[in-house]
Amino acid sequence: MLNYSVDAEGIATVEFDYPEKSQNILNAKSMGAYAEAMQKALADPAVKGVVVASAKKDFIAGGDLAELGAATDAAAFHAAISGWHKLMRGIELGGKPVAAALNGSALGGGLEVALGCHYRVAADNPKARFGFPEVTLGLLPGAGGTQRTPRLTGMQAAAPLLMEGKRIKAAEAQKLGLIHAVVPVGDERKAAREWVMAAVASGAKPLQPWDSKGYKIPGGGPNTPGGMQMLMAANAMLREKTYDNYPAPKHILSCVYEGLSTNLDTGLAIEARYFTHLVMSPVSKNMIRSLFFGMQEANKLASRPVGVPIQKYTKIGMLGAGMMGAGIAMSTATAGIDIVLLDTTQEAAEKGKDYAAKQWSKQIARGRMTQEAAEALLARIHPTADYADLAGCELVIEAVFEKREIKAEVTKQAEAVIGPDAIFASNTSTLPITGLAEASVRPASFIGLHFFSPAEKMPLVEIIVGKATSDATLARAMDYVRAIGKTPIVVNDARGFYTSRVFGTYVSEGMALLEEGVPQALIDKAGLMAGMPVGPLALADEVSIELVHKIAQQTRADLGAAYVERAADRVAAKMVADLGRLGRKSGAGFYDYPAEAPKHLWPGLAEQFPPKAEHPALEEIIERLILVQSVETARCLEEKVLRAPIDADVGAILGWGYPPFRGGPIGWLNTLGLAAAVAALDRLAAQHGPRFAAPNMLRDMAARGERFYT
Ligand code: NAD
């Protein structure tokens, strides 16, 4: 856990060395060991000073999220964190010089351990990062980070570190005053020891700046005119961005304002209370579960069928060099895999490659990529119109037009060329995989790989398993998704799969609200206040109202008498067929898109869908926009379209920007409590119809007092 040694000159080395982990983490065990070691060093008259170091490649990676996620006893947690503060104050005021030797990254609680030392020296390690990622998981740096950081750097410079989780390199950390020196890799312990020796020799009591006479907060405290202005601006910006849905950045601001208005000890006491509040809040539990553990499981391919050897990819075929094909080609080339980019003509195929060249030249212009790197990537993309070039591909993905016949045709042509071991994937957004696989001579090797637009940026791939898809094909498809650095979720074949189906309910509900006479501006504002990245009407414009209309027509044709018309179908038909307003792509949808000015709501909309004086309250609109997604997701679980709740939550957050503070559509039901969720759905179903009807599975779970996550 921790190695403790004292050398001949009385300098103790306290070395973090967490057993059986590649990284040092802070939890009750390792913090207890650190407390014990430091108390021993402070109490031992033979010890003159201390160097704190790490036996791993990094200093400390941060707090143990499993422990934080599981903490439910607020009093015990508050007592523990207060004890930790006391220990760090004991080190600061203990009279012996303590220096941290930062060989690699020091993040979160790790950086806080370092800030609690009198001196910090970092190795000039290009991979090392310093910062506080806590806010990204609904937490705050609660081991003094909100107090010591701004007291070292000033409030302005501390803001992006604390409130956005920005990570910086050693040189910048030194410039900001977070660390004192940067030395060549391997010299950091020596430098730390030399500083300790010099401090011992000086005979002066080592003190942190805030404990020294005449200390002033750099740039001024919170109650100076500059400080006030900065905090007011930060507060306004925060509210505009988060609609108060995220308590963590708000509490961080409070810690800085309240804590820096007083002395460090009181500031730490203030921080401990806000920290405890956040650790206990459902928001941090939701974010830790979905964004950290859920994502980690998905990326480790926890649900990959066992016994299938890992597939290495060297050459992939891409049919269709349009928007999606070009993006997928970029992601594939970036992963070091050659990609044959095929379209109907050589010219069309080249267009896809040109898109990649354009995107990468933007990166070069921004200094994020070198010319040589871009050229190397471009050399991996081979545009062609000749199917023979697909020979030797381990995987072929089609992203041609969304037409069954065209997809069937390209499937046949590709299969005639590729080897018997190759797998074939469709990037269809709406057509059932099982049906598309009928065109294949080897349906067991046929699978859905549903990318999101823009494919080169979006992190999720929804893998769709058709009736005939084999486990081996699934496993190998998952290997590809990981090879290109994206996160897979696995779903079973059904109309709209999972993501399009549930995402569609959000857009449809917005359109239903419009038909009911809710003022248009209020609908999109409610979407944003619910935490969604874009309001439902603006989103309908983005994906195109025409697409909503087309899907409705297709579904109606497929289901026949079983089809139940929805408000959204009527609204889409009116917008598209009667008014010719197809969405953003036609420059006219629910919004107008003037060339020289920002978009604005179409003034004619109020005439077509007259707003009523009486309409649901804002809270109910938000509730509908959120619960309509949860209830559809629960149906996907009941119908086994989804295999596990965590897939739903990870997929929603990565796929369509579902608000992470709610944990995901299932995470949100869990947060409400299933009995309360069912009661809300019953109320909404009675008012607005069966789209809100709770599925039996949910009702049964509620009756049994069960939860999706414990
Ligand atoms: P697109 O129109 O931009 O590109 C389609 C490309 O396929 C065109 O370059 C076209 O020339 C080519 N093509 C057509 N017929 C062909 C054939 N017989 N052989 C070879 N190439 C042919 O469309 P897109 O937006 O890239 O979508 C492609 C597929 O991806 C569709 O199935 C779509 O549903 C799906 N998809 C799209 C999105 C999205 O947001 N656009 C998201 C997920 C999935």
Return the loop-located trypsin sites (Lys or Arg not before Pro) in region 1-87 (DSSP other than H, G, I, E, B) with at most 15 other Cβ atoms within 10 Å of their own Cβ; answer none if there are none.
21, 57
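By the scheme Lys and Arg +1, Asp and Glu -1, what is the net charge of all other residues having a beta-carbon under 9 Å from that of residue 130? Don't skip to the end; give the middle numbers.
On the way: positive: 129, 167, 169; negative: 172.
Cβ neighbours under 9 Å give a net charge of +2.
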Please determine, in degrees from 0 to 90 and to the nearest 10, the orientation of helix 618-638 with respect to the longest principal axis defined by the Cα atoms of the chain, where the helix direction is its Cα long axis.
70 degrees
Per-peptide average of other Cβ atoms within 10 Å, ordering 148-160, 369-381 highest first
148-160, 369-381
Given Cβ charges of +1 for Lys and Arg and -1 for Asp and Glu, the option among 95, 19, 37 whose Cα lies farthest towards the positive end of the dipole of region 2-280 is 95
For region 315-493, what relative contact order do you get, as a whole percent, if you take Cα pairs closer than 8 Å and at least 6 residues apart?
21 percent
What net charge do the residues around residue 283 carry, taking every other residue with its C-beta under 12 Å from that of residue 283, with Lys and Arg at +1 and Asp and Glu at -1?
+3
The size of the Cβ-based charge dipole (Lys, Arg +1; Asp, Glu -1) of region 375-470 about the Cα centre, to the nearest 20 debye, is 280 debye
Average accessible area per residue (Å²) across region 63-159 - probe 1.4 Å, nucleic acids and ligands excluded
27 Å²
Heavy-atom accessible area of residue 5, protein chains in place, probe 1.4 angstrom, given in Å² to nearest 10, is 60 Å²
Can you say what percent of the DSSP beta bridges in region 407-512, counting only those with both residues inside, are antiparallel? Round to 5.
30 percent
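Using mean Cβ contacts within 10 Å as the protection proxy, how do 682-691, 572-581 order, highest first? Kindly include the intermediate steps, with their values, before the conclusion.
On the way: 682-691: 13.9, 572-581: 17.9.
Going from most to least packed, we get 572-581, 682-691.
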Assuming a viscosity of 1.002 mPa s and a temperature of 20 °C, what translational diffusion coefficient in µm² per second does Stokes-Einstein assign to region 425-468, Rh being the Kirkwood radius over Cα pairs?
198 µm²/s
Kirkwood-type radius of region 437-561, with distances r between different C-alpha atoms, in Å:
16.7 Å
Between region 182-202 and region 13-72, the Cα center-to-center distance that results, in Å:
20 Å
Quick calc, region 612-686, dipole around Cα centre from Cβ unit charges on Lys, Arg (+) and Asp, Glu (-), nearest 20 debye, gives 100 debye
Of the residues 536, 290, 81, the Cα lying farthest along the dipole of the chain towards its positive end, which is defined by charges on the beta carbon of Lys, Arg, Asp and Glu, belongs to 81
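For the chain, what does the helix formula give at 222 nm: sum of -39500 (n - 2.57) over DSSP H segments with n ≥ 4, over the residue count, nearest 500 deg cm²/dmol?
Working: 30 runs with 344 residues, N = 710.
It comes out at -15000 deg cm²/dmol, rounded to the nearest 500.
If you roll a 1.4 Å probe over region 118-268 with all protein chains in place, what percent of the accessible area is carbon or sulfur?
Numbers: 3850 of 6880 Å².
The C+S portion of the solvent-accessible surface of region 118-268 is 56 percent.
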So if I take the centroid of the Cα atoms in region 235-270 and the same for region 458-485, what is the distance between those two points in Å?
43 Å
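What does the charge add up to near residue 209, with Lys and Arg as +1, Asp and Glu as -1, over the other residues with Cβ less than 14 Å from its Cβ?
Computed value for this residue: +4.
Arrange the residues 556, 120 by how much accessible surface each exposes, largest first, with a 1.4 angstrom probe. Spell out each step's value before the answer.
Working: 556 100, 120 0 Å².
Result of the area sort, largest leading: 556, 120.
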Two-decimal log10 I(q)/I(0) for region 315-493, as the Debye equation yields it once each C-alpha is a single scatterer, q = 0.15 Å⁻¹
-0.77
So what J values fall out for region 457-467 if you push phi through Karplus, 6.51 cos²θ - 1.76 cosθ + 1.60 with θ = phi - 60°, rounded to Hz, Gly and Pro as x?
10, 5, x, 9, 10, 8, 8, 10, 8, x, 4
Output for region 522-580: GluC sites (Glu not before Pro) sitting in coil per DSSP, at most 10 other Cβ within 10 Å, listed by number, reads 565
With a 1.4 Å probe and every protein chain kept in, tell me what percent of the accessible surface of region 315-493 is carbon plus sulfur.
55 percent
Assigning unit charges at the beta carbon (Lys, Arg +1; Asp, Glu -1) and nothing else, what dipole magnitude in debye, to the nearest 20, does the chain show about its Cα centre?
1240 debye
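Are any of the pairs 351/599; 525/599; 127/166; 21/166; 315/467 more than 18 Å apart by Cα-Cα distance, and if so, which?
351/599; 21/166; 315/467
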Under the classification rounded if a/c is under 1.5, otherwise prolate if a/b is larger than b/c and oblate if not, where does region 378-423 fall, given a ≥ b ≥ c as square roots of the Cα gyration tensor eigenvalues?
oblate
Step through the residues of region 8-24 one at a time and calculate ³J(HN,Hα) from phi using the Karplus curve (6.51 cos²θ - 1.76 cosθ + 1.60, θ = phi - 60°), rounding each to whole Hz and writing x for Gly and Pro.
4, 8, x, 9, 8, 10, 10, 10, 5, 8, 5, x, 6, 9, 7, 10, 7
Which of 626, 685, 361, positive extreme of dipole for the chain (C-beta unit charges)
361
Backbone N within region 621-659 under 19 Å of label point (7 Å from residue 683 Cα along the Cβ vector)
621-632
When the solvent-accessible surface of protein heavy atoms is calculated with a 1.4 angstrom probe, in what order do 596, 398 fall, highest first?
596, 398
Percent of alpha-carbon pairs separated by more than 33 Å within the chain
58 percent
Separation of alpha-carbon centers, region 361-429 and region 282-357, rounded to whole Å
11 Å
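Roughly how many Å² is the accessible area per residue of region 315-493, as a whole number, for a 1.4 Å probe?
Values: 7130 Å² over 179 residues.
That works out to 40 Å² per residue.
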Starting from the Cα of residue 550, draw a straight line to each of the lysines and keep only those under 22 Å, dropping any in the same chain fewer than 8 residues away.
403, 407, 574, 585
Mind giving me the nanometre distance, one decimal, between the label points for residue 86 and residue 391, set 7 Å out from Cα along Cα→Cβ?
7.7 nm
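The values are calculated or read from the model by the stated rules, or taken from the named source; none is laboratory data. Since the structure is predicted, the reported quantities are computational estimates derived from the model, not experimental observations. Ideal geometry is used to build each Cβ from the backbone, glycine not excepted, and the neighbour counts take in all protein chains shown. For accessibility, only protein heavy atoms count, side chains too; no ligands or nucleic acids. Shrake-Rupley method; radii C 1.70, N 1.55, O 1.52, S 1.80 Å.
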